[in-house]
Structures are given as structure tokens and as C-alpha cells.
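Peer 1: For reference, the structure I am asking about is given below.
Throughout, read-outs are computed from the coordinates displayed, never taken from laboratory work. None of the values given here were measured: they were computed from a predicted structure. Positions of Cβ are generated from backbone atoms using ideal geometry, with glycine treated the same way; all protein chains shown enter the neighbour counts.
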């Protein structure tokens, strides 16, 4: 039983690793009970002092070192120190040197499923975030990037497929019924992106030709008899590769891309360079056994892991506090891919449903934390809806605020400047500051502050002067360690509506949607309309342009009029959902015996207007889940709610 209190890791304590690992050579002799791993590291010191290597559950068999130009020689025990969490070279050479360690590990006893383990009789790895230290001694941190060459040896009858990152090299038979395969990944990567799979699979093969004409061999490795059920995943992969070329100018950079489906893979899916590993549930599907939602999930997850090739692999995180950079940015990319593949309004609505259910709940609870926390006790605590989903929303706000063209300029600069590097949020936004000439220091408060901003909206209509004054104020509730919040820039996509399906022009605004950025605690929007104008309807936070809660004192009739006038798909759906919830709760309370005909008419009007997008039209008729309604009543009456 472990009784020690975890030591908090702090962002402020970050320091670069004082050694460069220029090249890694790994040699595996696979055995479920006792796998031997030989690691040869080419090292260049960047400073002086001891060299610390992480390592857990390893049995050190030998350790040798050679200064540049010398032969490897066994290190005496007095020159290094071992403990339960790693190995320390006490006096490493001051110049370049080679370090070789040989360790023994037991994959079949690795029930943590971190590092190298056995799943369904096959070898598999999971190294994010700190699993590589369970394979060999190494600086297991994302800012240490190196090229990897791998040799795998195993029993050929049991493990005919030997896979790792990069492109395949030599392969052949060995004595005793064994065989070997070598893999070379020339792109520098951190250890968390290392992968190895060995087993007997069926393989679905295909190919892809990049925009520049390069040929890429594609393979999806699955359980015996399941290859046909991987066809949709393969199709999703190819569409993801093409989309990344068209949307971001990013081509795939190796001649091989493989996916392995593992039934016991506990991470969902993992973006290891050139060798993605998935839980089988996110790869296998057919029309006889899977729903539309299953197919959509596979498409989205395959795309997400592929998009990591550039936003996560080629450019990775300096430290784990920057996890929101690779994950939030990649979630944003996969959400937009899914929107381009099918209905954009439906995709946006689904994304917001998930955000409100998961991330808003985090922000409102005792575990509220910022998108980039400043400390953690365990790395696993960083893999949250706040880091992923809210991190994606911040990228979306950035693009909305600067426009699609400048967003692409900033992304191109980011890819060009930081390829092959481990970077920070500040590095990312510096590219957009240079591309646009804008200062994003206030925008970065979104990354530092926990909580969901509440935007209070007050409207005043001066009929004599045909002027609408809208007062906006923002407030974020205190959270642990953050009693006082500073204002953040809130981009509110807005429009003035005429109640007849059109937009209204004001003195300084055309009759079209506009973006208003609330960047102070309180501000006013003033709309001066032509004399004699009727009061316009204000549509706010269209397309859910900012992850905030709106507080508006509107009557039911005013909200019904607004939703009937809406020209924004998200606000149409959101307004109807609010009204439908109220209607069901009223029916459940017994204070009303039949649905309101005005609401039924509004739903019908919205559906007719959405017939060009059948998926959106269908979503408009969706009733809230009973679970959503429970949150509106305390105590809830499930029988009455279900009947209503």
C-alpha cells in the first residue's frame, strides 16, 4: 500500500532537460514473461551535472557507456544510482557519449496497461503520458525529442506481425522459429509517441496518394475475421488525410500509416507516430451491428488521431501543462472535419451539448480548473473536458475573432516555425500576433482562469428615438485558488432581426450578422435605427460563438418571438429546446393539459425552414432527455416527466 502524498508538479518549476537525446536505438526480444529491451542512446550534454532517467518496474541487466570515439564499457555501480523511479548517472561525460542499458520487463504481469503489455495474446503499448518509463530507462518527458530506430524479435508462429513507428526496414527469419523486423522513424518525437504491436492479425490494406504525389501504404490490423468491418475506418482515414491537405495544407510525411485495433486498449485511441492504436470499438463497424452514431464516432476518432500527426506529433508539448495545445487544437480540427463531412449545424449542436453536459459541469463543481492548469498532482488528472472541449472552444473563438484567412496565416506560420519542436501556448499565440498584428495577452486569460463566464444582457428600447441600447456585463464565479476573475474577451456573434426572417440595419451596421467582443466587465451596444422603426429582436451568441452562459430577462412570449425570427441554426435549436423543456415541465406539473399551439407552430416553421438539411430538421424535433429534465426539478417526478 502506497502511503506517500503525491508531490505537486508546478508549471513555474519547468526547466529544460540538460541533455539532448540525438538518437534512440531499441532492440526488443519479445517474451510475455520476460522481454529483453536493449536501449542505445546517443547523448549530447547541454549542461553539467547528473543525468536522470525515468524508469519503473524494470530489472536492470547491464549498463554500458562510451565517450565519443570510444568503445562501450561496463559502468561500475559507483557511477550510477538506482531507485524505484529511475536511474541516475552521477558523473556523465561532459561531451557527447553513448549510453546502453539492457532491462527485463514482464508484459504479462503489466496489469497497469501502461508501457508494454499483453492484450488478447498480443503485445501492445500505451506510452502517453508516462508509460515509456515502464519499457526502458529514459527521460520520459515530452520536450525530449529524438529519432527512433527499432528492432523487434519474436516467435514467428505466435507473432507474425511486428509493428512499430515509422517505415519498415529489414525483416527476416532467425534461428529457432523466430523472426525480426526493423522500423525507422526519422521524425524526432517524444517517448510518449513510441508504439509497438506484435501478434497475429487480419489486415485491411489500401493506399493514399498525397497532394504532391507521394504514395502511402495504409493498413488496419484487426482480429481474425474482422477485416471487412474496418472498411469504414479506412474510408474515414483517407478522407481525413485529404481534408488536412485541403484545410491546412498538411501532407502525411511517411510512406506507411498503420492502425491496430485492440479490444483491451484502455486509452480509447492513441496517435503514436505512424502507428495509431485504437480500442476495437472505434474501428470496427458494419450496417448489421452498428448505429449511425457508431459510424460517426469512428469517423471522428480516426480523424482526431490522424490530425495529431501535425498538431501533437510533428509539433508537440513542451510540458504536460500544454496538453490543451495539442488536444484542444486537434479537437477543434476534428470537429470541423466532421462538420464538413455532414451537417455543420448538427455537428455544432452536438459539440455544445457535450460541452454543456461535461465541461460546464466541471467548471461549476469543486474540481474546476483552468484550460492550462498551473499545477497537478497526477498527470492523468489533466485529461479532462476542460482541457479537450473548452480548449477547442478557445481555438474556435480565436478563429472567429481574427477571421478564417488570418487564422490560416497564423496556422501556417505555426507549422513552419515550430515543426520538430516542443512548444507552449505562448509560442502558438505568438504566431497569430505576428500574422495579424494583434495582441492576444488578454485572450490568453481564457487559458489561466477556471469557470464559465456569465453574460448578463439588459435591453432598453427608446421608441421616440428608435434606439436600442444593450448593456452587457460579464462575471465569472470564484473557483478554488482564484477568488477574483479578470474580464476575458468574449466574441459574441450577433444580429438584429426584423421578426420576418430578415436582418435589420442600424446607423453604423449593415443588415447582417456582426461580431461584438465584450472585453471589459461592462459595456454597451447602441443601435440607432431609422425614425419610426419597430423594435428589433436581438440574436446573441449565434453559433455558440463563446462558451458562456447568457442571462436574459425575456418573457416566454419574447423568447417565442425570438426563436420564430431566428436565422441562426444553433440559436433556433437552442431556443426551441428551452421552450420545449418549459412546456414539458408545465405539463408534468399539471398546470397545463395540452401543448401550446404557438410552440407547435414554431417547431413546424423551424422544421420547414431546415428541410434542405434533413439531419438538422430531425434534430429540431428531438425532445430533451428525461435526465436533462431531472436537472430542472428538485425533487423530480420521473413518472410525470415521462408521461408529459
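Peer 1: Please figure out what share of the DSSP beta bridges in the stretch 19-200 is antiparallel and state it in percent, rounded to the nearest 5.
Peer 2: Looking only at bridges with both residues in the stretch 19-200, the antiparallel portion is about 90 percent.
Peer 1: Mind checking the angle between helix 231-248 and the chain's longest principal axis? C-alpha axes, 0 to 90 degrees, to the nearest 10.
Peer 2: For 231-248 against the chain, the angle is about 70 degrees.
Peer 1: From the P(r) of the stretch 316-448, could you give the percentage of C-alpha pairs in the tail past 27 Å? Could the numbers behind the result be given before it?
Peer 2: Details: 1725 of 8778 pairs.
So the pairs more than 27 Å apart make up 20 percent of the total in the stretch 316-448.
Peer 1: Additional query: Which percent, to the nearest 5, of DSSP beta bridges fully inside the chain are antiparallel? Let's see the in-between values first.
Peer 2: Values: 101 of 125 bridges.
Around 80 percent of the beta bridges assigned by DSSP in the chain are antiparallel ones.
Peer 1: Kirkwood hydrodynamic radius of the stretch 20-85 from all distinct Cα pairs, in Å?
Peer 2: Hydrodynamic radius (Kirkwood, Cα pairs) of the stretch 20-85 is 14.0 Å.
Peer 1: Right, here's the next one. Using only the alpha-carbon atoms, how far is helix 425-436 inclined from the longest principal axis of the chain? Give it as 0 to 90 degrees, nearest 10.
Peer 2: 60 degrees
Peer 1: In nanometres, what is the gap between the two model label sites at residue 292 and residue 441, each 7 Å from Cα along Cα-to-Cβ?
Peer 2: Output for this residue pair reads 5.0 nm.
Peer 1: Place a point 7 Å from the Cα of residue 589 along the Cα-to-Cβ direction; which residues of the stretch 531-571 have their backbone N under 19 Å from it?
Peer 2: Output list for this probe position: 552-560.
Peer 1: If I histogram all Cα-Cα distances within the stretch 19-200 using bins 5 Å wide from 0, what percent of pairs lands in each bin?
Peer 2: 2, 8, 17, 22, 21, 15, 9, 5, 1, 0
Peer 1: Which of the three applies to the stretch 254-297, rounded, prolate or oblate, going by the alpha-carbon gyration tensor with a ≥ b ≥ c and a/c under 1.5 meaning rounded? Don't skip to the answer; put the middle values down first.
Peer 2: Working: a/c = 2.56, a/b = 1.74, b/c = 1.47.
Prolate is the answer for the stretch 254-297, as a/c is 1.5 or above and a/b outweighs b/c.
Peer 1: Classify the stretch 388-445 as rounded, prolate or oblate, taking a ≥ b ≥ c as the square roots of the eigenvalues of its Cα gyration tensor: rounded when a/c is under 1.5, otherwise prolate if a/b is larger than b/c and oblate if not. Write down the numbers at each step before the final one.
Peer 2: Values: a/c = 1.43, a/b = 1.16, b/c = 1.23.
Rounded, since a/c falls under 1.5.
Peer 1: Return, ordered by residue number, the residues of the stretch 312-334 whose backbone nitrogen is under 20 Å from a label point located 7 Å along Cα→Cβ of residue 206.
Peer 2: Under 20 Å, as judged by backbone N against the label point of residue 206, lie 334 of the stretch 312-334.
Peer 1: To the nearest whole percent, what portion of all C-alpha pairs in the stretch 560-644 is separated by more than 21 angstrom? Show your work: numbers first, answer last.
Peer 2: Details: 1135 of 3570 pairs.
Pairs farther apart than 21 Å: 32 percent.
Peer 1: Which value in nm describes the separation of the simple spin-label points at residue 60 and residue 528, placed 7 Å from the Cα toward the beta carbon?
Peer 2: Placing both labels 7 Å beyond Cα along the Cβ direction yields 7.9 nm.
Peer 1: Something else: Just the number, please: percent antiparallel of the DSSP beta bridges in the stretch 203-327, rounded to the nearest 5. Before the final figure, lay out each step's value.
Peer 2: Details: 9 of 20 bridges.
Of the beta bridges lying entirely in the stretch 203-327, close to 45 percent run antiparallel.
Peer 1: 222 nm [θ] for the chain, helices only, -39500 (n - 2.57) per DSSP H run of 4+, per residue, to 500?
Peer 2: Values: 15 runs with 174 residues, N = 644.
Taking each H run of at least 4 residues, the total per residue is -8500 deg cm²/dmol.
Peer 1: Related question: Just to confirm my numbers, what's the Cα centroid distance between the stretch 561-579 and the stretch 115-189 in Å?
Peer 2: 53 Å
Peer 1: Something else now. Which order, highest average first, do 379-388, 561-570 follow once you tally other Cβ atoms within 10 Å for each residue and take the mean per peptide? Mind showing how you got there, number by number?
Peer 2: Details: 379-388: 18.2, 561-570: 21.0.
Those peptides, ordered most packed to least, come out 561-570, 379-388.
Peer 1: Related question: What fraction, in whole percent, of alpha-carbon pairs in the chain exceed 36 Å separation?
Peer 2: Working: 96788 of 207046 pairs.
When all Cα pairs of the chain are counted, 47 percent exceed 36 Å.
Peer 1: Further question: For the stretch 1-56, what does the alpha-carbon gyration tensor say about shape, rounded, prolate or oblate, given a ≥ b ≥ c as the root eigenvalues, a/c under 1.5 as rounded, and a/b over b/c as prolate?
Peer 2: oblate
Peer 1: Another one. Report, to one decimal in Å, the Kirkwood hydrodynamic radius for the stretch 417-555 based on all distinct Cα pairs. Could you put the intermediate results ahead of the total?
Peer 2: Working: mean 1/r = 0.0580 Å⁻¹.
Evaluated on the stretch 417-555, it is 17.2 Å.
Peer 1: Return the FRET efficiency for the residue pair residue 263, residue 156: r is the Cβ-Cβ distance, R0 is 25 Å, and the value is rounded to the nearest 0.05. The partial results should precede the final answer.
Peer 2: Values: r = 23 Å, r/R0 = 0.92.
Once the sixth-power term is evaluated, E becomes 0.60.
Peer 1: Taking the highest mean first, how do the peptides 127-139, 257-269, 29-41, 430-442 order by number of other beta carbon atoms within 10 angstrom per residue? Present the calculation step by step, with values, prior to reporting the outcome.
Peer 2: On the way: 127-139: 24.2, 257-269: 20.5, 29-41: 17.9, 430-442: 15.6.
My ranking of the peptides, most packed first, is 127-139, 257-269, 29-41, 430-442.
Peer 1: Specify the angular offset, from 0 to 90 degrees and rounded to the nearest 10, of the alpha carbon long axis of helix 344-354 from the longest principal axis of the alpha carbons in the chain.
Peer 2: It works out to around 80 degrees.
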